[in-house]
């Protein structure tokens, strides 16, 4: 590597010129490409919902409680089926139905926003 000040040849890993002591412009290695969702590094084997509106997912889950429509909207079919079966099984209890409904609403919003991964 040549010194920009005195043109002396230096070793490739030198930070300063051996002749004049000037700082050598050693470029840092380029950062790896970010292929994650919303600045998050990609996780092995995890899938995320792309192009989904979190507000719409939340509204769908609020309007049709227990049917897991927000999960189906996000493409999270497996989780939607589990929530639907859970809602059917727990439909005779108010607390059980409320728990599934709250989980469905929060999860649909978080998955559409990209904060949580899909189950399938």
- Task: Sort 72, 92, 16 so the one with the fewest other Cβ atoms within 10 Å of its own Cβ comes first.
- Result: 92, 16, 72
- Set the Förster distance to 22 Å, then compute FRET efficiency between residue 106 and residue 47 from the Cβ-Cβ distance, nearest 0.05. 0.70
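Using the 10 angstrom Cβ neighbour count as an exposure proxy, how do 13, 107 rank, fewest first?
Numbers: 13 8, 107 23.
Least crowded to most crowded, the residues run 13, 107.
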- If you line up the Cα atoms of segment 48-120 on their principal axes, what length do they span on each, largest first, in Å? 36, 22, 15
- What ranking do 79, 113 get, fewest neighbouring Cβ atoms within 10 angstrom at the top? 113, 79
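Quick note: the coordinates plus some simple rules give every number you see, no bench work behind them. The structure presented is a predicted model; accordingly, all values stated were derived computationally and were not measured. Cβ sites come from the backbone with ideal geometry, for glycine too, and all protein chains shown count toward neighbours.
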